[in-house]
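Let me begin by presenting the structure, written as structure tokens, before commenting on it.
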Amino acid sequence: MKKYNSSEIKKLNMKNILRILHINNPISRKDIVKLTDLRPSSVTRLTRELIEKGYIYEEGIYEDNAPGRKKILLNINKEAFISLIVDVGVNETIIGFGYFNGYVEILKKILTPKDPEEFFYEIKKFYMKYKKIKNIKILSFSIPGLVDVEKNIILLAPNLGWKNVNIEQFLKLDIPILADNEANLSVIAEKYHAKDLKNISNIVFVEIREGIGTGIIINNQLYRGFSYSGGEFGHTVINMNSKEQCHCSRQGCWEQYGSILNVIKNYEGIIEGKDPIEKFENLKRQPNAKKTLLNWAENNAIGMANIINALNPEALIIGGELSDMPIYFYEYLIKKIRENSLPFSSKKTIIRPTIFKKYNSNLVGACIFSINKHIEEIK
Ligand SMILES: [Zn+2]
């Protein structure tokens, strides 16, 4: 076991307190003592240092049972650390600021240039512009595909047509760069902000867009797989008799039946829209689309039940384009997921739509990813 000297122990304790504050805030010093087993005097000293460094601040809260008396709680200073976050979408890319309290501010939406060189040139221009406004410490990307998170290489983003795109070859910046798969980031975001997931450590986030991605947290750790392709449930076969080939070269993949491209194709009617996302937006508002949407829900229920049977998660969260559907859709989908999965596996599983609107889960996830990285590297 590694031996730590006193200054290293102090650093570890400070980081630990910051992580606790990110899970429970606002919080009293007394509750930090309870959660860490540190001595009250150590908590006082460490939190004083965190206040001096600008990471946290004190706020006075009036207590119901002691009128007139204020209780001092600690909270996170939003401006202590700011990242520039980029949600790369197949059609549209969203750029924003990510703050130290896990909240984001959307700055700009652009059409995604299909050529990576052109894309990163645009991003660099925004970075140069926004760094004049805020002290940006990290640039963090959400990617609709597989990412080597150690080397910042986009291994494959099929719907963008990008393969082996080395981000740092295009972007030579004076700050660190992070990138991860969008569903991985969504599951981190949901875990961070959703109150019902605070004490839950096994979660799957299913993100349905032009493709299907899943983000998996097992025992409170993000599971990326051995070579970053874990969670590709979209390419498990749900129809052996299919003759249509998926872009992965198999036939009958869940993605072929569950992505928004499938429901658009099966809708018997004319839908307006410049791209699949816009078409899907219009489709779900059509009064006569209910039958098509419910058939599509059944396809997705099979894929999601397979996940539940394989992983037995405590929570299955449904997001991406499925984050803003009519109530009848969720009721039917959830009923079908439960019918299709083993009762032992799904009996106690929370199954619900995400707390986020649309792509905010990707953006917020990119923000949380950069916060975690920053805390890890505090000196
Ligand atoms: Zn496939």
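The values are calculated or read from the model by the stated rules, or taken from the named source; none is laboratory data. A quick note: this is a predicted structure, and the numbers were derived from the prediction, not measured. Heads up, the Cβs are rebuilt from the backbone with ideal geometry, glycines too, and the neighbour counts pull from every protein chain shown. Remember, those area values only see protein heavy atoms, side chains included, never the ligands or the DNA or RNA. Shrake-Rupley method; radii C 1.70, N 1.55, O 1.52, S 1.80 Å.
Listed here are the residues, each with its yes/no results for (1) in contact (Cβ under 8 Å) with a residue 12 or more places away in the chain; (2) crowded, with 21+ Cβ neighbours inside 10 Å.
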{"position": "Gly98", "(1), (2)": "yes, yes"}
{"position": "Leu107", "(1), (2)": "yes, no"}
{"position": "Ile110", "(1), (2)": "yes, no"}
{"position": "Lys129", "(1), (2)": "no, no"}
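Which fully enclosed strands (runs of 3 or more DSSP E) of the range 176-269 have 1 or more residues being within 16 Å of the ligand (Cβ to nearest atom), buried (at least 24 other Cβ atoms within 10 Å of the Cβ) and outside the structural domain of Ile143 (by TED's automatic domain parsing)? If you could, list the steps in order and put the result at the bottom.
Values: elements: 177-181, 203-208, 212-218.
Here the list reads 203-208, 212-218.
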- Message: Cβ contacts < 8 Å: first residue farther than 12 Å from Gly211 by Cα and aromatic (Phe, Trp, Tyr), restricted to the range 254-278; second residue more than 16 Å from the ligand (Cβ to nearest atom) and outside any helix (DSSP H, G or I), any location; separation 6+ or different chain. Result?
- Response: Tyr267/Gln286
- Message: Looking at the range 21-42, I want the residues that are more than 16 Å from Lys10 (Cβ to Cβ) and assigned to a loop (DSSP other than H, G, I, E, B) and have a partner that is open to solvent by less than 60 Å² (accessible area, probe 1.4 Å) and polar (S, T, N, Q) with Cβ atoms under 7 Å, at least 6 apart or on another chain. Which pairs are those?
- Response: Asn25/Asn75; Pro26/Asn75
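Select from the range 146-171 the residues that are part of a strand (DSSP E or B) and under 21 Å from Arg209 (Cα atoms) and write down the one among them that is most open to solvent (accessible area, probe 1.4 Å). Quick ask: steps written out before the conclusion?
Narrowing the range 146-171 to residues part of a strand (DSSP E or B): 146-148, 153-157, 162-166.
Subsequent filtering for residues that are under 21 Å from Arg209 (Cα atoms) retains 146-147, 154-157, 162-163.
Working: Leu146: 35, Val147: 4, Ile154: 0, Leu155: 51, Leu156: 68, Ala157: 0, Trp162: 6, Lys163: 144 Å².
Residue satisfying both the conditions and the ranking: Lys163.
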- Take the range 346-379 and flag every residue that is of a type in the set (A, V, I, L, M) and under 9 Å from the mean Cα position of the chain (by Cα). Leu363, Val364, Ala366, Ile368
